[in-house]
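In what follows, a single structure is set out as structure tokens and then discussed.
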Amino acid sequence: MAASLAGAVDLGAIQARNEAAARAQAAPPPSATAPAGAPGSAVVDVTEATFQSEVLDRSFQVPVVLDLWAEWCGPCKQLSPVLERLAAEGAGSWVLAKVDVDANPALAQGLRVQGIPAVKAVWQGQLVAEFTGAIPEQEARQFLTELVAATSGGAVPGAAEDEGDGEVQEPEDPRLDAAEAALDRGDLAAAEAAYQSILETEPEHEVAGLALRQVQLFRRAEEAGPNALAAAEAAPDDIAAQTRAADFLLGTGDVDAAFAWLLDVVRRTAGEERDAARQHLVELFGIVGDEDPRVGPARRALMTALF
């Protein structure tokens, strides 16, 4: 669902995305306690002049939900208060950016608004989901819950980070050396135990946390074995079999196929089964990392499948 904001901003410009990501890294995270409408708050009024900083840049921290409205629009007056209340409840996990389409016609044109109220979600500089018209609060809440889960996972970047120059230096750690030595030997069980030992004393150790998830993936792929795909095809309703197949694909390096496999499961299931497949797919996104160019399109495909 990626699109360009012709005449307003170019969501497809790689350089612009890189610069926006850098600005977002330097900026403080959104604050649920900041006054509504103020820059950096969970609810902010956006104009053509502030769109870059409050929407595009901010979307590299948390998903930004655009509420496109007008004073004369009755349904807008029904939906906007609901979104504002949910944004406050979100405690900075997402930002509501309100755009008066009459006061900002270039933005409305660039966003290809055909009717209001219109709601469009932006994540990492890209449009990922949208709906038009006033919907019940329960549906709006579900939309936002799925959006946050499929993008940032609900985390508010920088909320508990130490201040510094913005560059994280990986410290020398002999415990990591021991874990990596186990990996070099092909001893996944020993590597997993080594990373878990680090996390027992330092639960927030980012390197060990990511490495542990990767090792656990490789172990699951190893346990699933080469018959994982055939087993999943033979039992299409068995979600555990489907996730094992995706693990096997990712563990063997076929990232696109692993994502596609679980996207298909999300599209054809509902309820708890769908949520289990979605959660597993989001976990795989975290293992691969948002810097991988295959993750962004897969996240957008997930949002399309969910809505």
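Only the coordinates and a few stated rules stand behind these numbers; no lab work does. Predicted model, so just to flag it, every value in this text is computed and none were measured. Counting neighbours? That spans all protein chains shown, and the Cβs are built from the backbone with ideal geometry, glycine included.
Here are some notes:
- Between SER197 and ALA49, the FRET efficiency estimated from the beta carbon spacing at R0 = 51 angstrom works out to 0.50.
- Here the spin labels are modelled as points 7 Å beyond Cα on the Cα-Cβ line, and at ARG112 and ARG213 they lie 3.2 nm apart.
- Our coupling estimate for segment 297-304, obtained by passing each phi through the Karplus curve with A = 6.51, B = -1.76, C = 1.60 and θ = phi - 60°, is x, 5, 4, 5, 5, 5, 4, 5 Hz, Gly and Pro reported as x.
- Segment ARG267-ALA240, length gained on full extension (0.36 nm per residue, minus Cα span): 8.1 nm
- Rounded Å value of the spacing that divides the Cα centres of segment 138-154 and segment 38-100: 15
- Charge tally in the Cβ shell below 12 Å around ALA181, where Lys, Arg are +1 and Asp, Glu are -1, ALA181 excluded: -2
- Among 240-246, 183-189, the order from most to least packed when residues are scored by Cβ within 10 Å on average: 240-246, 183-189
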